[in-house]
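The values are calculated or read from the model by the stated rules, or taken from the named source; none is laboratory data. The shown structure was predicted, so the numbers you read here are calculated from the model rather than taken from an experiment. All Cβ positions, even for glycine, are placed from backbone atoms using ideal geometry, and neighbour counts span all protein chains on display. We work out accessible area using only protein heavy atoms, side chains counted, and drop any ligands, DNA or RNA first. Shrake-Rupley method; radii C 1.70, N 1.55, O 1.52, S 1.80 Å.
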Amino acid sequence: MKIIFVCTGNTCRSPMAEYLMRDYCKKKNLAIDVESRGLACSNGKAISDNSYTALQQIGIDASGHRSQSFTLRDLFEADIIITMTQSHKDAILYHFKAGDKVKTFDEMTGVGHIVDPYGFGLDEYLKCREQIERGIPIIVQKLTK
(Lines give C-alpha, C1' and ligand atoms only; values in the text may rest on other atoms or scores of the structure.)
Protein backbone atom coordinates (compact mmCIF):
# COMPACT_ATOMS: atom_id res chain seq x y z
CA MET A 1 0.00 0.00 0.00
CA LYS A 2 1.21 3.50 -0.82
CA ILE A 3 0.05 6.72 0.87
CA ILE A 4 0.95 10.20 -0.29
CA PHE A 5 0.36 13.16 2.02
CA VAL A 6 -0.11 16.51 0.26
CA CYS A 7 0.15 20.12 1.38
CA THR A 8 1.19 23.35 -0.31
CA GLY A 9 4.98 23.60 -0.18
CA ASN A 10 5.97 20.11 1.00
CA THR A 11 8.23 21.57 3.67
CA CYS A 12 6.00 21.68 6.78
CA ARG A 13 2.78 19.68 7.16
CA SER A 14 2.99 16.86 4.63
CA PRO A 15 6.60 15.97 5.47
CA MET A 16 5.68 15.85 9.16
CA ALA A 17 2.80 13.53 8.28
CA GLU A 18 5.08 11.41 6.10
CA TYR A 19 7.75 10.97 8.76
CA LEU A 20 5.25 10.44 11.57
CA MET A 21 3.46 7.77 9.52
CA ARG A 22 6.75 6.09 8.58
CA ASP A 23 7.78 5.99 12.23
CA TYR A 24 4.40 4.61 13.30
CA CYS A 25 4.45 1.93 10.60
CA LYS A 26 8.01 0.93 11.48
CA LYS A 27 7.08 0.52 15.15
CA LYS A 28 3.98 -1.52 14.22
CA ASN A 29 5.87 -3.54 11.57
CA LEU A 30 3.45 -2.45 8.83
CA ALA A 31 4.40 -2.59 5.14
CA ILE A 32 3.04 0.78 4.09
CA ASP A 33 5.00 2.99 1.67
CA VAL A 34 4.65 6.65 2.64
CA GLU A 35 5.65 9.77 0.73
CA SER A 36 4.66 13.44 0.65
CA ARG A 37 4.23 16.05 -2.05
CA GLY A 38 3.36 19.73 -2.50
CA LEU A 39 0.97 21.45 -4.85
CA ALA A 40 2.94 24.71 -5.11
CA CYS A 41 6.48 23.91 -4.17
CA SER A 42 10.05 24.30 -5.36
CA ASN A 43 11.51 20.83 -5.74
CA GLY A 44 14.51 19.98 -3.59
CA LYS A 45 13.86 22.18 -0.55
CA ALA A 46 14.68 20.81 2.90
CA ILE A 47 12.03 20.39 5.55
CA SER A 48 11.41 23.66 7.41
CA ASP A 49 13.52 24.25 10.51
CA ASN A 50 10.54 24.19 12.87
CA SER A 51 9.11 21.01 11.31
CA TYR A 52 12.52 19.41 11.61
CA THR A 53 12.74 20.46 15.27
CA ALA A 54 9.20 19.28 16.04
CA LEU A 55 10.06 15.82 14.68
CA GLN A 56 13.54 15.72 16.20
CA GLN A 57 12.05 16.37 19.65
CA ILE A 58 10.33 12.97 19.44
CA GLY A 59 13.32 11.16 17.95
CA ILE A 60 12.48 11.35 14.25
CA ASP A 61 15.18 12.48 11.83
CA ALA A 62 13.77 14.19 8.74
CA SER A 63 17.07 15.70 7.57
CA GLY A 64 16.90 13.73 4.33
CA HIS A 65 13.59 15.25 3.21
CA ARG A 66 13.52 17.17 -0.08
CA SER A 67 10.33 18.75 -1.36
CA GLN A 68 8.63 17.32 -4.44
CA SER A 69 5.71 18.52 -6.51
CA PHE A 70 2.61 16.37 -6.86
CA THR A 71 2.43 14.81 -10.33
CA LEU A 72 0.09 12.69 -12.41
CA ARG A 73 2.38 9.72 -11.72
CA ASP A 74 1.70 10.17 -7.99
CA LEU A 75 -2.02 9.96 -8.65
CA PHE A 76 -1.62 6.62 -10.39
CA GLU A 77 0.96 5.13 -8.01
CA ALA A 78 -0.76 6.00 -4.73
CA ASP A 79 -3.45 3.85 -3.20
CA ILE A 80 -4.63 6.85 -1.20
CA ILE A 81 -3.78 10.54 -1.26
CA ILE A 82 -4.37 12.42 1.98
CA THR A 83 -4.47 16.19 1.78
CA MET A 84 -3.96 18.52 4.70
CA THR A 85 -6.99 20.68 3.82
CA GLN A 86 -10.09 20.73 1.65
CA SER A 87 -8.50 23.26 -0.71
CA HIS A 88 -5.64 20.82 -1.42
CA LYS A 89 -8.17 18.10 -2.20
CA ASP A 90 -10.18 20.44 -4.41
CA ALA A 91 -7.04 21.41 -6.36
CA ILE A 92 -6.11 17.78 -7.01
CA LEU A 93 -9.65 16.90 -8.04
CA TYR A 94 -9.76 19.88 -10.40
CA HIS A 95 -6.29 19.65 -11.96
CA PHE A 96 -5.86 15.90 -12.04
CA LYS A 97 -9.45 14.68 -12.36
CA ALA A 98 -8.71 12.41 -9.42
CA GLY A 99 -11.39 10.17 -7.99
CA ASP A 100 -12.20 8.54 -4.69
CA LYS A 101 -8.61 7.94 -3.66
CA VAL A 102 -8.20 11.58 -2.55
CA LYS A 103 -9.32 12.30 1.03
CA THR A 104 -8.64 15.12 3.44
CA PHE A 105 -6.85 14.42 6.70
CA ASP A 106 -10.07 15.38 8.48
CA GLU A 107 -12.17 13.00 6.37
CA MET A 108 -9.82 10.18 7.30
CA THR A 109 -9.42 11.02 10.98
CA GLY A 110 -12.04 13.44 12.26
CA VAL A 111 -9.32 15.48 13.99
CA GLY A 112 -9.74 18.54 11.75
CA HIS A 113 -7.87 20.05 8.86
CA ILE A 114 -4.16 20.57 9.38
CA VAL A 115 -3.65 24.34 9.43
CA ASP A 116 -0.44 25.65 7.90
CA PRO A 117 2.04 26.65 10.62
CA TYR A 118 4.35 28.36 8.10
CA GLY A 119 5.56 31.72 9.35
CA PHE A 120 4.65 31.03 12.97
CA GLY A 121 6.76 29.94 15.91
CA LEU A 122 7.72 26.47 17.05
CA ASP A 123 4.62 26.18 19.26
CA GLU A 124 2.36 26.15 16.17
CA TYR A 125 4.50 23.44 14.57
CA LEU A 126 4.28 21.37 17.75
CA LYS A 127 0.47 21.73 17.72
CA CYS A 128 0.45 20.67 14.08
CA ARG A 129 2.65 17.65 14.84
CA GLU A 130 0.44 16.62 17.76
CA GLN A 131 -2.70 16.86 15.64
CA ILE A 132 -1.11 14.71 12.94
CA GLU A 133 0.09 12.23 15.59
CA ARG A 134 -3.51 11.85 16.83
CA GLY A 135 -4.68 11.07 13.33
CA ILE A 136 -2.03 8.57 12.23
CA PRO A 137 -3.39 5.55 14.19
CA ILE A 138 -6.90 6.31 12.90
CA ILE A 139 -5.65 6.33 9.29
CA VAL A 140 -3.78 3.07 9.79
CA GLN A 141 -6.81 1.43 11.37
CA LYS A 142 -9.03 2.46 8.45
CA LEU A 143 -6.53 1.33 5.82
CA THR A 144 -5.70 -2.03 7.40
CA LYS A 145 -9.24 -3.26 8.05
Original post:
Tally Lys/Arg at +1 and Asp/Glu at -1 over every other residue whose Cβ is under 13 Å from the Cβ of ILE3; what's the total?
Top reply: 0
**OP:** Quick one: which residues, 5+ away or cross-chain, put their amide H under 5 Å from the amide H of LYS45? H built at 1.01 Å from N.
**Re:** SER67
Original post:
With θ set to phi - 60° and the Karplus curve 6.51 cos²θ - 1.76 cosθ + 1.60, what are the ³J(HN,Hα) couplings of the range 138-145 in order, to the nearest whole Hz, using x for Gly and Pro?
Top reply: 5, 4, 4, 4, 5, 7, 10, 5
Original post:
Farthest toward the dipole's positive end in the range 101-141, which of MET108, ILE132, GLY121, given Cβ charges of +1 (Lys, Arg) and -1 (Asp, Glu) about the Cα centre?
Top reply: MET108
Original post:
With r defined as the distance between the Cβ atoms of MET1 and LEU126 and R0 fixed at 41 Å, what FRET efficiency is calculated, to the nearest 0.05?
Top reply: 0.90
Original post:
Gain in length, LEU72 to LYS97, computed as 0.36 nm per residue apart minus the alpha-carbon separation, to one decimal in nm?
Top reply: 8.0 nm
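Of the heavy-atom accessible surface of the range 50-145 (probe 1.4 angstrom), what whole percent is carbon and sulfur?
Numbers: 2570 of 5160 Å².
So the carbon and sulfur contribution to the accessible surface is 50 percent.
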**OP:** Would you work out the relative contact order for the range 1-87, in percent, from Cα pairs under 8 angstrom that are 6 or more residues apart?
**Re:** 41
Original post:
Residue by residue, what Karplus-based ³J(HN,Hα) values in Hz, rounded to whole numbers, does the range 115-126 have, using 6.51, -1.76 and 1.60 with θ = phi - 60° and x for Gly and Pro?
Top reply: 6, 5, x, 3, x, 9, x, 4, 4, 5, 5, 5
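Work out, in µm²/s and without decimals, the Stokes-Einstein translational diffusion coefficient of the chain at 37 °C, 0.692 mPa s, Rh from Kirkwood over C-alpha pairs. Provide the component values of the computation, followed by the final result.
Working: Rh = 14.8 Å.
D, rounded to a whole number, is 221 µm²/s.
Leaving out ligands, DNA and RNA, and with a 1.4 Å probe, what % of the accessible surface on the range 1-48 is carbon or sulfur?
Working: 900 of 1970 Å².
Accessible surface attributable to carbon and sulfur in the range 1-48 totals 46 percent.
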**OP:** Just name one of GLN141, PHE5, ALA54: the one whose Cα is farthest towards the positive end of the charge dipole of the chain (beta-carbon charges, Lys/Arg +1, Asp/Glu -1).
**Re:** GLN141
Original post:
When only Cα pairs under 8 Å and 6 or more residues apart are kept, what is the percent relative contact order across the range 97-145?
Top reply: 36
**OP:** Can you tell me the order of 22-30, 1-9, 56-64, 87-95 when each peptide is scored by its average per-residue count of other Cβ atoms within 10 angstrom, highest first?
**Re:** 1-9, 87-95, 22-30, 56-64
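To one decimal place, what orientation-averaged projected area in nm² is obtained for the convex hull of the Cα set of the range 101-145? Please report the intermediate quantities before stating the final value.
Values: hull surface 13.4 nm².
Reported value for the Cα convex hull: 3.4 nm².
For the range 28-140, what does the accessible surface come to per residue with a 1.4 Å probe? Please give it in Å². Write out the running numbers ahead of the final one.
Details: 5910 Å² over 113 residues.
Computed with neighbouring chains in place, this is 52 Å² per residue.
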**OP:** Could you sort out which of LYS27/LYS97; LYS28/LYS103; LYS26/LYS145; LYS97/LYS127 sit more than 29 Å apart by Cα distance in this structure?
**Re:** LYS27/LYS97; LYS97/LYS127
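Counting each DSSP H run of 4 or more residues in the chain as -39500 (n - 2.57), what helix-only mean residue ellipticity at 222 nm follows after dividing by all residues, to the nearest 500 deg cm²/dmol? List each step's numbers first, then the result.
Values: 6 runs with 67 residues, N = 145.
Mean residue ellipticity at 222 nm (helix-derived): -14000 deg cm²/dmol.
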